[in-house]
Amino acid sequence: QVQLVESGGGLVQPGGSLRLSCAVSGGIFSRSAMGWYRQAPGKQRELVATITSSRVAIYADSVEGRFTITRDNDKNMAYLQMNSLKPEDTAVYYCNAMVALDYSGSYRNYWGQGTQVTVSS
């Protein structure tokens, strides 16, 4: 049973910082790709950042240079460091994992429950 649990959301003023965490249980974390998505009210869910098992990171243009995605394979954790936050970053942030289920190339996609990030003065 694979589970993803996010934490770290909250209310922050514009220009502030937050760090989101995603704890993954089950599967082979070191071989799994991790990502963060967000969904603002009335909008579609969008990609924020992804990081591969070999630590190659990709960012949405809107967060490039402000957000950093990292992973800790010893702790089965993924993180999203968000700096210079803007009101338009307000959304529910979801952790996503393409989890390696075995060493034979079996993968399955999982989502966390989401954590609210609100950027407001």
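Once you sort the root eigenvalues of the Cα gyration tensor of the stretch 1-68 as a ≥ b ≥ c, which label holds: rounded (a/c under 1.5), prolate (a/b larger than b/c) or oblate (the other case)? Could you put the intermediate results ahead of the total?
Numbers: a/c = 1.75, a/b = 1.46, b/c = 1.20.
It is prolate, given that a/c is not under 1.5 and a/b is the larger ratio.
Of all the accessible heavy-atom surface of the chain, with the other protein chains kept in place and a 1.4 Å probe, what percent is carbon and sulfur?
Numbers: 2940 of 6350 Å².
Accessible surface attributable to carbon and sulfur in the chain totals 46 percent.
Roughly how big is the chain's charge dipole about its Cα centre, with Cβ charges of +1 (Lys, Arg) and -1 (Asp, Glu), in debye to the nearest 20?
60
Rank by packing, highest mean first: peptides 30-39, 81-90, 99-108, with packing defined as the count of other Cβ atoms within 10 Å averaged across residues. Intermediate results must be reported in sequence, preceding the final value.
Details: 30-39: 20.7, 81-90: 16.4, 99-108: 12.5.
Averaged packing, sorted descending, gives the order 30-39, 81-90, 99-108.
Write down the radius of gyration of the chain and its Dmax, each obtained from C-alpha positions, in Å.
Rg, Dmax (Cα atoms, Å): 14.0, 50.
Would you please give the residues with an amide H less than 5 Å from that of Gly16, counting only those at least 5 places away or on a separate chain, with H modeled from the backbone geometry?
Amide H neighbours of Gly16, under 5 Å, 5+ apart: Leu85.
Which net charge results when you count Lys and Arg as +1 and Asp and Glu as -1 among the other residues whose beta-carbon is under 12 Å from that of Ala33?
Combined, the nearby Lys, Arg, Asp and Glu give +4.
Just to verify a number: what accessible area does Glu64 come out at with the full protein assembly present, 1.4 Å probe, Å² rounded to tens?
We get 110 Å² for Glu64.
How much area per residue is accessible in the stretch 16-68 when the probe is 1.4 Å and only protein heavy atoms are counted (Å²)?
Numbers: 2710 Å² over 53 residues.
Result: 51 Å² of accessible area for each residue.
Using θ = phi - 60° and the Karplus relation 6.51 cos²θ - 1.76 cosθ + 1.60, list the HN-Hα couplings for the stretch 36-41 in order, rounded to whole Hz, with x at every Gly or Pro.
Karplus values, whole Hz, x for Gly and Pro: 10, 10, 9, 9, 8, x.
The values are calculated or read from the model by the stated rules, or taken from the named source; none is laboratory data. Just so you know, these numbers come straight off a predicted model, no measurement behind them. All Cβ positions, even for glycine, are placed from backbone atoms using ideal geometry, and neighbour counts span all protein chains on display. Please note that ligands, DNA and RNA were not included when accessible areas were found on the heavy atoms of the full protein model with its side chains. Shrake-Rupley method; radii C 1.70, N 1.55, O 1.52, S 1.80 Å.
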